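Here is the structure we will look at.
The values are calculated or read from the model by the stated rules, or taken from the named source; none is laboratory data. Only a predicted model underlies this, so the values are computations on that prediction, with no experimental measurement involved. Every residue, glycine among them, receives a Cβ derived from its backbone with ideal geometry; neighbour counts consider all protein chains shown.
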Amino acid sequence: MCGISGFVDFNKKSGKNILEKMNRTLHHRGPDGEGYGIFETDTSITGLGHRRLSIIDLSEGGSQPKTYKGLHITFNGEIYNYAEIKNSLVSKGHTFNSHSDTEVILHAYEEWGPAALQQFIGMFAFVIYDETNKKIFACRDRAGVKPFFYYYKDGLFLFASELKALLQHPGFTKEINTDAVAAFLQFGYVPTPNCIFNDTHKLKPGHYLLLNLQTKAIETTRYWNVYDAYNKPELKISLPDAISEAEKLLTSAFQYRMVSDVPVGVFLSGGYDSSCVTAILQKNNTEKIKTFTIGVPDVGLNEAPFAKEIAAHLGTDHTEYYCTQKEALEIVPQLPFFYDEPFADSSAIPTTLVSRIAREKVTVALSADAGDEIFAGYNRYDYMVKYGNSIKKVPGFMRRATAALMDIVPADKIPVLNKKYLFHSRYEKVKSLLKEPSAKNILMSLTRQMGGRDLTNLFIDEFKNMPSYFDSSDLSSERYSVLSYMMAIDYQTYLLDDILQKVDRAGMSVSLEGREPFLDHRIIEWAAQLPLDYKYNKGNKKFILKEIVHKYIPATMMDRPKMGFGIPIANWLQNNLKPFVDLYFDEQFISRQNIFNNDEIQKIKKSFYEGKVERAEKIWYILMFQMWYDKWIINN
């Protein structure tokens, strides 16, 4: 894993000095080396920058940018099956000068063009400058494990692994997109393909981009879509056969993620997903797998004892570290640098801490994300299945009448109940569901931190809802189920923009490569076709995955409520982090900023400190934006 950056300047005002400045902001992504390529034509100057974290082929043969027959590449990621692809290319007459997967990409692109992407098993974001055909080819892996930002305005195209590199180019216009701020305050992230700045985008997963250097035209093409799997006919397979096939597929995917010339470890939380990865890898490896767990300050959210017990049972080389509250709090001021687009998932803090501990012993760590999205593991899937149909059964006239009454009587005016924890937010969600009990609205109500009225009150100017994968209607009516709908949407939204961004930035903050074994595309392509009751069986979530895990770990060791990787935000905001709240919620600061309604900001803050602890998440979301704003708008 590395960092990439670069430009295509049709104004011909950019040079290596600018590229170096962009690239060196990504030092943490690749401390082992840097490389540059500048290519000038009659119409443009193209710059390719690379930061190297040496994982495969530690020799100079793995350095970038790499050139082959007029093709120049800068690449971030890993192609796990590069050896098999290389053998196929050798049989077609190709010869190689290194043992790197980067060189294999170039040869594959020469042989097959964009169709080469279909052969790659891996995580990747790369840019190829095709000197002969005068075009730029950029792509992103199927699930979006690797980030890719780009900007295109006034004859200047910029790209990078992180947003901060784009800001270093003097031609970048730094204008905040208010619609994106509103989206962030809803979800805790800016949903793909949108970005916090105007004229700036995230390349969608499973897409590639072509920039024609003669016409300056840019177009994106989808080469993979998760719905293609969900829309295939359901597999006719018995449960025992499905369990057997699932384990074979998981074993292949997990073993591929062990391909490395440097030490590899596993983040072990003690939950089913990480335990599955660890159990299967330990079964198939003679050496002890290195596992890492961190204990968090709030004992009620501490999974470390469970992880330790499982590690002992499986016989791994386990490292457990209990961080102090001081260590965790010291991460908070650093978040805006590494998460250079507003990001509000507070579990970024423990994820950063466990990455630091792992980096002392390994350079690569496997993170068991996506099990919930693939095998139906979230608690909200329970709510949808159990309560979604109940709301729909209420006659329409009754729902509309009740919602109309709730519009007239706000939550604050209802005696007794208005003192209850979370009553205000739940009141608004119930009202929204009564108005529109669709699957999309139920999902949005379970996902959003702030609703429409909250945001309208909060902003000075009007804003629009941004297009995103929440709007997808690609699931066919023949294969539609509420559960499949939710899992597919989560795969494209929460997984993509929250979890994967969190793990990438946390790991890269300490130059640790994170790998996501459940995000081998073969797994979702197969699991999407399974009968639903193999995933969600009478309220038993992740049913088939649990059956596999129980072969290696007794069910009695695993049988406990699902726990989050969280921290005590409300307590911190009321105490240690209160100076940050006072600073960034200050009336003068808000007025100078001219984005938010000052009265509403002060109202939220006041109610929180007067006992409305349910406002903690709203306070945290706003605080994360304010700290980002201070770092990248005021002080950059």
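In the stretch 354-369, what residues are of a type outside the set (Asp, Glu) and either surrounded by fewer than 23 Cβ atoms within 10 Å (Cβ to Cβ) or touching a Ser or Thr at 6+ places or on another chain (Cβ under 6 Å) (or both)? Lay out the reasoning, then the answer.
Narrowing the stretch 354-369 to residues of a type outside the set (Asp, Glu): 354-359, 361-368.
Arg356, Ile357, Arg359, Lys361, Val362, Thr363, Val364, Ala368 - these are the residues of the stretch 354-369 that are of a type outside the set (Asp, Glu) and either surrounded by fewer than 23 Cβ atoms within 10 Å (Cβ to Cβ) or touching a Ser or Thr at 6+ places or on another chain (Cβ under 6 Å) (or both).
In the set Ile553, Ile524, Ile569, which member is β-branched (Val, Ile, Thr) and either under 27 Å from His201 (Cα atoms) or surrounded by 23 or more Cβ atoms within 10 Å (Cβ to Cβ) (or both)? Steps first, answer last, please.
Working: Ile553 fails: either under 27 Å from His201 (Cα atoms) or surrounded by 23 or more Cβ atoms within 10 Å (Cβ to Cβ) (or both); Ile569 fails: either under 27 Å from His201 (Cα atoms) or surrounded by 23 or more Cβ atoms within 10 Å (Cβ to Cβ) (or both).
That would be Ile524, the only listed residue that is β-branched (Val, Ile, Thr) and either under 27 Å from His201 (Cα atoms) or surrounded by 23 or more Cβ atoms within 10 Å (Cβ to Cβ) (or both).
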Give all pairs with beta carbons closer than 6 Å in which a residue from the stretch 65-94 that is farther than 15 Å from Gly113 by Cα meets a residue that is assigned to a loop (DSSP other than H, G, I, E, B) and small (Gly, Ala, Ser); count only pairs at least 6 apart in sequence or on separate chains. Asn76/Ser161
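Yes or no: Phe608 under 30 Å from Pro305 (Cα atoms), surrounded by 17 or more Cβ atoms within 10 Å (Cβ to Cβ) and at pLDDT below 95? Quick ask: steps written out before the conclusion?
Numbers: under 30 Å from Pro305 (Cα atoms): no; surrounded by 17 or more Cβ atoms within 10 Å (Cβ to Cβ): yes; at pLDDT below 95: yes.
No, not satisfied.
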Within the stretch 274-305, can you find the residues that are outside any helix (DSSP H, G or I), surrounded by fewer than 16 Cβ atoms within 10 Å (Cβ to Cβ) and among the basic types (Lys, Arg)? Lys288
With respect to the numbered conditions (1) under 29 Å from Asn17 (Cα atoms); (2) without any contact (Cβ under 8 Å) to a residue 60 or more places away in the chain; (3) assigned to a loop (DSSP other than H, G, I, E, B), which one is the sole condition not fulfilled by Lys174? (2)
Considering only residues that are assigned to a loop (DSSP other than H, G, I, E, B) and among the aliphatic types (A, V, I, L, M), look in the stretch 501-553 and name the one that is nearest to the chain's Cα centre (by Cα). Leu512
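Is it fair to say Leu210 is crowded, with 22+ Cβ neighbours inside 10 Å, modelled with pLDDT of 95 or more and in the same structural domain as Asn81 (by TED's automatic domain parsing)?
Working: crowded, with 22+ Cβ neighbours inside 10 Å: no; modelled with pLDDT of 95 or more: yes; in the same structural domain as Asn81 (by TED's automatic domain parsing): yes.
Criteria not met by Leu210.
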With the checklist (1) surrounded by fewer than 21 Cβ atoms within 10 Å (Cβ to Cβ); (2) farther than 30 Å from Thr456 by Cα in hand, flag the one item Ala143 doesn't pass. (1)
Take the residues of the stretch 91-122 that are in contact with a Gly (Cβ under 8 Å, 6 or more places away or on another chain) and in a loop (DSSP other than H, G, I, E, B): which is surrounded by the fewest Cβ atoms within 10 Å (Cβ to Cβ)? Asn97
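Would you list the helices (runs of 4 or more DSSP H) that sit entirely within the stretch 306-395 and hold 3 or more residues that are farther than 23 Å from Tyr552 by Cβ and either under 23 Å from the mean Cα position of the chain (by Cα) or in contact (Cβ under 8 Å) with a residue 12 or more places away in the chain (or both)?
Details: elements: 325-331, 335-338, 348-359, 371-375, 379-393.
Counting at least 3 such residues, we get 325-331, 335-338, 348-359, 379-393.
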Checking the condition surrounded by 17 or more Cβ atoms within 10 Å (Cβ to Cβ), over 29 Å from Ile349 (Cβ atoms) and either out of contact with any Gly (no Cβ under 6 Å at 6 or more places or on another chain) or not assigned by TED's automatic domain parsing to the domain that holds Ser275 (or both), which residue from Leu530, Leu519 passes? Leu530
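Of the residues Gly265, Gly271, Gly171, Gly188, only one is crowded, with 17+ Cβ neighbours inside 10 Å and in contact with a Ser or Thr (Cβ under 7 Å, 6 or more places away or on another chain); which?
Values: Gly271 fails: in contact with a Ser or Thr (Cβ under 7 Å, 6 or more places away or on another chain); Gly171 fails: in contact with a Ser or Thr (Cβ under 7 Å, 6 or more places away or on another chain); Gly188 fails: in contact with a Ser or Thr (Cβ under 7 Å, 6 or more places away or on another chain).
On inspection, the qualifying residue turns out to be Gly265.
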Residue hits (the stretch 1-25; assigned to a loop (DSSP other than H, G, I, E, B), surrounded by fewer than 24 Cβ atoms within 10 Å (Cβ to Cβ) and of a type in the set (A, V, I, L, M, F, W, C)) are Phe10
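Would you be able to tell me the number of residues in the stretch 457-496 that are part of a helix (DSSP H, G or I) and among the acidic types (Asp, Glu)?
Of the residues in the stretch 457-496, 3 are part of a helix (DSSP H, G or I) and among the acidic types (Asp, Glu).
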